[in-house]
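Asks: Got a structure for you, questions after.
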Amino acid sequence: WLKYQGGNTEGVPAIVVPGTGVEMRGPLLSFSRVDTSQNGTYRCEVTNSVGSFVLDIALIVIPKPVLTIMPQRKLLRVGQSSELTCKISPSHPNTEVT
């Protein structure tokens, strides 16, 4: 397994560090606790006496959203109007606020 990141054309071996949730066992690259540092394109290269095969797989990790409600505290008198805003960060096209 090789990992390509940030437009690099040279792949580096996929980083497997004990305790990070990434494990390489022969042809299997296993992710048990992904985070955004593992974003990138991973390449599997297989070669035998008949030939070789290359497959690229893009891993895109969407970060967990953080919600902020503005203002956090608001005092109103009866009959007054106000607005509360629920802001999500980082924003992502598939994120819905309800």
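Asks: Working only within the range 44-65, note down all residues that are part of a strand (DSSP E or B), open to solvent by 60 Å² or more (accessible area, probe 1.4 Å) and touching a residue at least 24 places away in the same chain (Cβ under 8 Å).
Replies: Glu45, Asp56
Asks: Residue by residue through the range 15-61, note down the ones that are under 30 Å from Thr85 (Cα atoms) and touching a Pro at 6+ places or on another chain (Cβ under 9 Å).
Replies: Asp35, Thr36
Asks: Also: Do any residues in the range 22-40 that are in a strand (DSSP E or B) have Cβ atoms under 6 Å from those of residues that are modelled with pLDDT under 85 and open to solvent by 80 Å² or more (accessible area, probe 1.4 Å), where the two are at least six apart or on different chains, and which pairs are they?
Replies: Ser30/Glu23; Gly40/Gln5
Asks: If the Cβ limit is 9 Å and pairs must be 6+ apart or interchain, which residue in the range 79-98 that is more than 17 Å from Thr68 (Cα to Cα) and at pLDDT below 80 pairs with which residue that is surrounded by 10 or more Cβ atoms within 10 Å (Cβ to Cβ) and hydrophobic (A, V, I, L, M, F, W, C)?
Replies: Pairs that qualify, where the first residue is more than 17 Å from Thr68 (Cα to Cα) and at pLDDT below 80 and the partner is surrounded by 10 or more Cβ atoms within 10 Å (Cβ to Cβ) and hydrophobic (A, V, I, L, M, F, W, C), are Asn94/Ile62.
Asks: How many of the residues in the range 47-67 are among the β-branched types (Val, Ile, Thr), modelled with pLDDT of 85 or more and within 29 Å of Thr36 (Cα to Cα)?
Replies: Residues that pass the stated criteria total 4.
Asks: Among the residues of the range 66-91, what is the count of those that are open to solvent by 80 Å² or more (accessible area, probe 1.4 Å) and either touching a Cys at 6+ places or on another chain (Cβ under 7 Å) or among the hydrophobic types (A, V, I, L, M, F, W, C) (or both)?
Replies: 8
Asks: Take Lys74 and decide whether it is charged (D, E, K, R) and at pLDDT 85 or above.
Replies: yes
The values are calculated or read from the model by the stated rules, or taken from the named source; none is laboratory data. Because the structure is predicted, anything quoted here is derived from the model rather than measured. We place every Cβ from the backbone using ideal geometry, glycine too, and count neighbours over all the protein chains shown. Just so you know, the surface numbers come from the protein's heavy atoms only, side chains and all, with ligands and any DNA or RNA stripped out. Shrake-Rupley method; radii C 1.70, N 1.55, O 1.52, S 1.80 Å.
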